[in-house]
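Each remark here refers to the structure printed beneath this line.
The values are calculated or read from the model by the stated rules, or taken from the named source; none is laboratory data. Note that the structure is a prediction, hence the values are computed from the model and not measured. Methodologically, a virtual Cβ is constructed for each residue, glycine included, from the backbone with ideal geometry; neighbour enumeration extends over all protein chains shown. Side chains are part of the model used for accessible areas, which takes the heavy atoms of the whole protein and leaves out ligands, DNA and RNA. Shrake-Rupley method; radii C 1.70, N 1.55, O 1.52, S 1.80 Å.
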Amino acid sequence: MRQEMRLLLAERSLWLVSALFLLLIGYALYNGVHQTTLRDRAQAAITTDDARTRADQLSQLGRIMAGREVPSPFQNPADPARMGGGFGAHHALMPSAPLAPVALGQTDLFPGQFKVTYQSKIHFIHANDIENPWHLLSGHFDLAFVIVYLLPLLIFALSYNLLSVERESGTLKLLLSQPLALRTLVLGKVAVRAGVLLGLAVLVPLGVLLLARPESAGAGTSTLWWSLLVGAYALFWFALVVAVNAFGRSSASNAMLLVISWVVLVLIAPVLLNLGVTAASPAPSRTELATRTRMVTIEAMNRYSKLLSADYRHIGKPEVLLPKDGKIEMSGRALASYSIQKQIDEEIQPDLDRFDAQHARQQQLVARYSLLSPAAVAYEGMTALAGTGARRYAHFHDLMDGHHQAWKKFFFPRIDGGIAITEADFPRIPRFVWTEEDARLIDRQAFPALLKLVMPSLLLLGIAAWRLRSYPVV
């Protein structure tokens with residue numbers, strides 16, 4: 001190993017690859033920390049604004065009840081239809097996980113906050129169409145991208161001629177004439193290269209995260225699994241390099257085979273996996289869902305058209321907006337909007353449930369057959385550990401759905417009964433509370449991903465050991 005390190009340093013190949021890798025890691029971490037910080041600041045601003053808005057509404061209600069202010073038709077904190085709608089809406093937020101900067105994952109496609117009202121979920125969950133070309137073209141250069149896509153190429157650059165260069169230069173015979181086994185020679189060469197690359201891939205990001213985001217120190221289990229996952233992913237590609245070298249071909253042939261393998265396993269296999277999953281379990285069409293929503297909306301608007309066109313009795317008579325004996329009169333348009341949204345919510349919910357169930361089946365198929373692509377296994381595992389994968393977003397949607405149900409349960413009876421919102425009701429208005437998913441789920445997802453990388457690596461190493469027995473020295 002010492003001799004191999006001297007040779008690599010003398011050839012400057014290790015210097016160049018290490019410098020390039022360090023540059024890529026540095027930029028990826030900067031981008032990841034920057035994007036995560038922007039997201040955290042935006043959510044902090046939303047939380048502050050929600051709290052300030054609720055305090056202003058409570059203060060306004062106090063002035064209205066004291067007779068010091070005339071309520072506005074569209075911003076009346078005593079009106080349950082207005083408070084349950086956009087005027088009193090609050091946000092449901094999914095905070096960033098400690099390791100979020102290492103894999104930004106689906107944050108460029110799925111929002112981490114929703115403004116919850118009594119409206120149907122279709123209006124705030126599916127407000128952003130992820131099939132928009134601008135969304136599909138968007139993406140972030142993060143550490144997961146560097147490791148999954150670029151680390152194998154750097155491994156190839158240092159190791160494609162692991163044994164072939166010794167045989168082609170005639171030094172392999174001299175080396176093996178010493179008390180040195182061929183397997184020991186290969187192991188020493190791989191250990192040097194793996195030590196340098198994995199040291200940069202694991203230790204540098206952890207050090208940067210501890211400095212830039214001290215809260216990442218609390219992600220002990222996730223950090224350990226992430227380090228093991230990166231190591232297992234690198235092990236697979238080193239095992240492939242050793243297996244290719246063990247067949248005794250030329251350095252040029254080795255390089256060509258390795259690049260072809262990278263194209264197949266990293267670029268082609270994930271695409272074929274997605275196509276296969278889509279064909280085996282196609283998701284309901286978003287176009288059909290949007291069309292269904294429009295049809296239901298039109299039917300509901302026709303049903304409540306008279307209420308929508310009702311004149312506002314409060315025009316010129318603001319006193320009718322004041323609560324009386326715990327009751328309040330709501331405008332026809334506000335009641336019509338509430339009734340329309342309630343009907344949409346009831347009729348569109350089965351379609352949403354079918355869409356979610358089909359999406360869950362797709363995720364199960366991806367997890368089952370991801371063994372076909374080590375890149376897919378590694379990326380899914382990294383995003384899961386970083387809290388930016390599909391599982392954590394599904395957990396967020398479950399929490400948000402529970403909050404949405406609690407929101408409707410609080411406001412619907414008050415709207416139906418014409419019951420005014422009082423100052424005593426404000427502390428009881430549902431608030432979204434984020435609870436992190438069970439930490440055991442991380443182990444359940446990380447361990448299978450680790451096995452899916454280690455098992456083919458052991459198979460490749462077994463093939464390499466078999467071929468090295470008859471390796472042509474000359």
Here the net charge surrounding Leu441, from other residues whose Cβ is less than 12 Å away from its Cβ (Lys, Arg +1; Asp, Glu -1), is 0
Between Ala66 and Ala279, what is 0.36 nm times their sequence separation minus the Cα-Cα distance? Round to one decimal in nm. 70.3 nm
Under the rule a/c < 1.5 gives rounded, and otherwise a/b versus b/c splits prolate from oblate, where does the stretch 171-309 land using the Cα gyration tensor? oblate
Virtual spin-label span in nm between Val271 and Lys173, 7 Å along Cα→Cβ: 4.7
When the chain is fully extended, how far beyond the present Cα-Cα distance does Ala42 get from Ala181, taking 0.36 nm per residue of separation? 44.1 nm
Relative contact order for the chain: what is it in percent, counting Cα pairs under 8 Å that are at least 6 residues apart? 27
Using the crude model of +1 on Lys and Arg Cβ and -1 on Asp and Glu Cβ, and no other charge, please compute the dipole size for the stretch 426-466 relative to its Cα centre, in debye to 20. 160
Return the calculated 222 nm mean residue ellipticity for the chain, to the nearest 500 deg cm²/dmol, obtained by summing -39500 (n - 2.57) across DSSP H runs with n ≥ 4 and dividing by the residue count. -21500 deg cm²/dmol
Projected onto the charge dipole of the chain (+1 at Lys/Arg Cβ, -1 at Asp/Glu Cβ, origin at the Cα centre), which of Pro350, Ile340, Val230 gives the Cα projection farthest towards the positive end? Val230
Grab the beta carbon distance between Ala406 and Leu224, set R0 = 30 Å, and tell me the FRET efficiency rounded to 0.05. 0.25
Among Ser216, Tyr118, Gly188, whose Cα projects farthest towards the positive end of the dipole of the chain, with charges put on the beta-carbon of Lys, Arg (+1) and Asp, Glu (-1)? Gly188
Carbon and sulfur %, accessible surface of the chain computed with the full protein complex present, 1.4 Å: 63
With +1 on each Lys and Arg Cβ and -1 on each Asp and Glu Cβ, how big is the dipole of the chain about its Cα centre, in debye rounded to the nearest 20? 920
On a straight-distance basis, which lysines could pair with Lys306 in a cross-link, Cα separation under 22 angstrom, same-chain partners fewer than 8 positions away excluded? Lys317, Lys342
Kindly rank 4-10, 222-228 from highest to lowest mean number of other beta carbons found within 10 Å of each residue. 222-228, 4-10
Just the accessible area per residue of the chain, please: how many Å² with a 1.4 Å probe? 49
Rounded, prolate or oblate: pick one for the chain, where a ≥ b ≥ c are the square roots of the eigenvalues of its C-alpha gyration tensor, a/c under 1.5 means rounded, and failing that, prolate if a/b is larger than b/c, else oblate. prolate
